[in-house]
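Worksheet for the structure shown next.
The values are calculated or read from the model by the stated rules, or taken from the named source; none is laboratory data. Nothing here was measured: the structure is a model prediction, and the numbers come from that model. Positions of Cβ are generated from backbone atoms using ideal geometry, with glycine treated the same way; all protein chains shown enter the neighbour counts.
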């Protein structure tokens, strides 16, 4: 299986004219995404996610390095690359809200060279698949946020692309609409399409991505499966304890707090504690101490992608929707 997206040594700088400082938006990014994968590009605002997507979609030229879509260079084979990709934005960018959903898609079909019966058939198929057929002839300005994003996705699919680039696709959606949208994205992967999702929403990345790349300040920090990233910080295990009698709480907190490798002890409710550790083996010592004190309702939790993000990148621009 080949690479649907191949990036090597990619740099993009801004500024440098009339005494302006040079700002590196991308710093030597290397990334390979195989065909048929949902790949998350996860990072805070200003990390370089959108810059990378603009280069991949031929909107922006790199300063140096190479980028290719399905083996075609984004700089020297621009027309071919554009025929292979679909772009889905968050918000209302790219939609003509005073036109109907059908008129929007017919316009984009014409841009892709579809006309007549073939255009009508493709538009009707997408309206039905995306659940918009009942509202197809109503103005987009009357649509909910979730419906607008479905129309965005239909627009991105109008040219039957092999690679879809989704830029913050569920921003502003209610939880139900976001889940429905993620299911649609997964079904597109099952058809063999490759999907690149930019997000700073950890729940979204964990829910749909096969692999995740962490990016910050224009540099790619790691590329792994979400579950694998979690194993990187197993030393930061978290121990939960519940049903601690009120007259024992102070003694339990004092005993646990003095253990080596305990970073923080927090009371999270009546009779409940949360203990964060930052050393190998510390969680085991905490569990043993709690059991020795008669606290039997205890459990450890695996670090999730949000914790990996915090440890590696920090909390700039992070959003967790749980």
Would you mind finding the one in 7, 29 that is modelled with pLDDT of 90 or more, touching a helix residue (DSSP H, G or I) at 6+ places or on another chain (Cβ under 7 Å), surrounded by 15 or more Cβ atoms within 10 Å (Cβ to Cβ) and not in a loop (DSSP other than H, G, I, E, B)?
29
Of all residues in segment 4-36, count the ones that are in contact (Cβ under 8 Å) with a residue 40 or more places away in the chain and under 20 Å from residue 163 (Cβ atoms).
15
Taking segment 190-206 and keeping only residues that are closer than 11 Å to residue 38 by Cβ and surrounded by fewer than 18 Cβ atoms within 10 Å (Cβ to Cβ), one is left with 190
Residue 93 vs. criteria assigned to a loop (DSSP other than H, G, I, E, B) and in contact with a helix residue (DSSP H, G or I) (Cβ under 9 Å, 6 or more places away or on another chain)
yes
Of these, 113, 48, 94, which one is modelled with pLDDT under 95, assigned by TED's automatic domain parsing to the domain that holds residue 189 and more than 24 Å from the chain's Cα centre (by Cα)?
113
Within the set of pairs 6+ apart or on separate chains, which have a first residue in segment 174-190 that is outside any helix (DSSP H, G or I), a second that is surrounded by 13 or more Cβ atoms within 10 Å (Cβ to Cβ) and modelled with pLDDT of 85 or more, and C-beta atoms under 7 Å apart?
174/146
Selection within segment 71-87 - part of a loop (DSSP other than H, G, I, E, B) and touching a strand residue (DSSP E or B) at 6+ places or on another chain (Cβ under 6 Å):
74
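Residue-by-condition table, conditions (1) at pLDDT 90 or above; (2) at positive phi; (3) in contact with a helix residue (DSSP H, G or I) (Cβ under 6 Å, 6 or more places away or on another chain); (4) not in a strand (DSSP E or B):
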position	(1), (2), (3), (4)
223	yes, no, no, no
240	yes, no, no, no
244	yes, no, yes, yes
263	no, no, no, no
266	yes, no, no, no
276	no, no, no, no
287	yes, no, no, yes
Search segment 137-166 for residues being part of a loop (DSSP other than H, G, I, E, B) and more than 26 Å from residue 55 (Cβ to Cβ), and hand back the single one that is modelled with the lowest pLDDT.
144
Scanning for something closer than 23 Å to residue 263 by Cβ and at pLDDT 85 or above, does segment 191-213 turn up at least one residue?
no
Is it true that some residue in segment 228-237 is over 17 Å from the mean Cα position of the chain (by Cα), farther than 16 Å from residue 37 by Cβ, crowded, with 22+ Cβ neighbours inside 10 Å and in contact (Cβ under 8 Å) with a residue 12 or more places away in the chain?
yes
Residues that are out of contact with any helix residue (DSSP H, G or I) (no Cβ under 7 Å at 6 or more places or on another chain) and under 16 Å from residue 57 (Cα atoms), drawn from segment 11-26
11
Any residue at all in segment 37-59 that is surrounded by 17 or more Cβ atoms within 10 Å (Cβ to Cβ), outside any loop (DSSP other than H, G, I, E, B) and free of Cβ contacts under 8 Å to residues at least 60 places away in the same chain?
yes
Qualifying positions in segment 241-266 - within 22 Å of residue 311 (Cα to Cα) and loosely packed, with under 15 Cβ neighbours inside 10 Å:
257, 260, 263, 264, 266
If we keep only residues of segment 126-166 that are surrounded by fewer than 19 Cβ atoms within 10 Å (Cβ to Cβ) and within 21 Å of residue 34 (Cα to Cα), then the residue farthest from the chain's Cα centre (by Cα) is 160
Looking only at segment 167-182, decide whether some residue is modelled with pLDDT of 85 or more, crowded, with 22+ Cβ neighbours inside 10 Å and closer than 19 Å to residue 83 by Cα.
yes
